[in-house]
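Here is the structure we will look at, set down as structure tokens.
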Amino acid sequence: MVFPAAHVTLFYAMIAQAALVISLLFALGIGRFRAASKGRAKRGPDGALIFPQKLIQLSDCVNNQFQVPSLFFVAALLALHVGAAGPVFAILAWVFVIFRVVHAVIFATTNVILHRFLAFVVGALIVLVMWVMILVHLLTIPAI
């Protein structure tokens, strides 16, 4: 089966975003295992483990990957389904992924809120544009 270049480009962006999430999940799991095995995870009053602040930060970063990126995946799949996934859409997808990587790196390392927020806003605006592109595409399809 042959796919248009824009579709392949979009598939790769989706795979890259998924790889980011999976790599963060692995990093979090390894970090938690190491902290627990070295006694750096303490039990809270409710019995839940309390990990060092850096791991809590990484956990928050992982949780964030299931917010706006979920809208990205749905938009990408919908665009492919309805025929709205052209070259501009595919480029926007890659720009989104790049800003998600930047956001995750900031979140998991320095966590400078202003920098992280700017990366988040750019990514969110890109997803908004993607959804508007889908809507415009759907509104311009001739009725059957």
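Of everything in segment 27-62 that is under 23 Å from ARG116 (Cβ atoms) and loosely packed, with under 11 Cβ neighbours inside 10 Å, the residue that is farthest from the chain's Cα centre (by Cα) is GLN53.
As a summary of the residue check, ALA5 satisfies the conditions (1) loosely packed, with under 14 Cβ neighbours inside 10 Å; (2) farther than 18 Å from ILE134 by Cβ; (3) out of contact with any Pro (no Cβ under 9 Å at 6 or more places or on another chain) except for the one numbered (3). Taking only pairs six or more apart or across chains, which ones have beta-carbon atoms under 7 Å, a first residue in segment 11-36 that is under 17 Å from ASN64 (Cβ atoms), and a second residue that is of a type in the set (Lys, Arg)? Qualifying pairs under 7 Å: GLN17/ARG100; LEU20/ARG100.
Taking the listed residues VAL88, VAL121, VAL127, the one that is under 14 Å from GLN67 (Cβ atoms) and surrounded by fewer than 15 Cβ atoms within 10 Å (Cβ to Cβ) is VAL121, with no other qualifying. Scanning segment 1-21 for residues that are under 14 Å from VAL97 (Cα atoms) and aliphatic (A, V, I, L, M) yields LEU10, ALA13, MET14, ILE15, ALA16, ALA18, ALA19, LEU20, VAL21.
Tell me which residues, restricted to segment 1-41, are of a type in the set (Phe, Trp, Tyr) and in a helix (DSSP H, G or I). PHE11, TYR12, PHE26, PHE33 - these are the residues of segment 1-41 that are of a type in the set (Phe, Trp, Tyr) and in a helix (DSSP H, G or I). The set of residues in segment 59-90 that are touching a residue at least 12 places away in the same chain (Cβ under 8 Å), small (Gly, Ala, Ser) and in a helix (DSSP H, G or I) comprises SER59, ALA75, ALA76, ALA79, ALA90.
Hey, among LYS38, LYS42, which residue is in contact with a strand residue (DSSP E or B) (Cβ under 9 Å, 6 or more places away or on another chain) and either polar (S, T, N, Q) or over 30 Å from GLY83 (Cβ atoms) (or both)? Spell out how you get there, then give the answer.
Numbers: LYS38 fails: in contact with a strand residue (DSSP E or B) (Cβ under 9 Å, 6 or more places away or on another chain).
The conditions single out LYS42.
Read-outs throughout are calculated quantities, based only on the coordinates presented, and are distinct from any laboratory measurement. Everything quoted here is computed from the prediction, not taken from an experiment. Note that each Cβ is placed from the backbone with ideal geometry, even for glycine, and that neighbours are counted across all protein chains shown.
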